[in-house]
1. So how strong a dipole does the chain carry about its Cα centre when Lys and Arg Cβ are +1 and Asp and Glu Cβ are -1, to the nearest 20 debye?
2. Can you tell me the 0 to 90 degree angle between the C-alpha axis of helix 73-96 and the longest principal axis of the chain, rounded to 10?
3. How much of the accessible area of the chain, in percent, comes from carbon and sulfur atoms when a 1.4 Å probe is used?
4. Where q = 0.18 Å⁻¹, what log10 of I(q)/I(0) comes from the Debye formula for the range 81-171, counting one point per Cα?
5. Taking +1 at the Cβ of each Lys and Arg and -1 at the Cβ of each Asp and Glu, which of A59, L104, L131 sits farthest along the dipole of the range 55-131 towards its positive end, judged by Cα position relative to the Cα centre?
6. Which value at 222 nm does the chain reach when only helices count, each DSSP H run of 4 or more adding -39,500 (n - 2.57), with the total divided by all residues and rounded to the nearest 500 deg cm²/dmol?
7. On C-alpha positions alone, give me the angle between the axis of helix 152-164 and the longest principal axis of the chain, in degrees, nearest 10.
8. I need the phi-derived Karplus couplings for the range 58-66: 6.51 cos²θ - 1.76 cosθ + 1.60, θ = phi - 60°, integer Hz, Gly and Pro marked x.
Amino acid sequence: MVKMAITAKIDKLTKTTKMANTLKELNRSAEENCKKGRISFKVGKFEDALAAYGEAADAWKEMADMLFEKGKEARGKEFLDKNLETISCYGMALFKLERYEEALEIVDAALELKPENPTEWSNRGFVLSALDRNEEAIEAFEKALAFDPKSPKILTSQGIVYFRMGLLKKA
């Protein structure tokens, strides 16, 4: 009886250690890939950024799923947030590669999860503008400004779209 209890505790400890090691390795890999993605993006290697961001997002999603499965909701949400942030970067790499429809799908998925995020609304505006859907782009920038009314980046982007539409007084 005592031997069975000790064996059960050892098994549980072994599983916990394996999970901790797996989480540690996944996080290391995700951080490394995310950094690689940022560097690749900054130097204009958008295909490389896309691959690196994809790897990072997958690793953080796997971590979140593992933690949710174990009932560790707060910690799982932390990695799910990292996953979403990285997916947003993935979407902007698609944008830079002029894969606008795919980028819009990513941005819209992010907005479903975080509709109050001004960065995602702004990203949506950029993508819609690139698709020459300027009225929708203006709406997206308006929503972004509702959350961040003094953002020079959003105000400038909105002004550029108004200019392209020939609405110079609004630009």
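The values are calculated or read from the model by the stated rules, or taken from the named source; none is laboratory data. Since this is a predicted model, take the numbers as computed values, not measurements. Cβ: placed from backbone, ideal geometry, glycine included. Neighbour counts: every protein chain shown. When the accessible area is computed, the model is the full protein with side chains, heavy atoms only, and any ligands, DNA or RNA have been set aside. Shrake-Rupley method; radii C 1.70, N 1.55, O 1.52, S 1.80 Å.
1. So the dipole magnitude of the chain works out to roughly 860 debye.
2. Once rounded, one gets 40 degrees.
3. Result for the chain: 57 percent of the exposed heavy-atom area is carbon or sulfur.
4. The computed values of log10 I(q)/I(0) come out as -0.73.
5. A59
6. Rounded to the nearest 500, it is -29000 deg cm²/dmol.
7. In the chain, helix 152-164 runs at an angle near 40 degrees to the longest axis.
8. Per residue, the Karplus-derived 3J(HN,Hα) values read 4, 5, 5, 5, 4, 4, 4, 4, 4 Hz.
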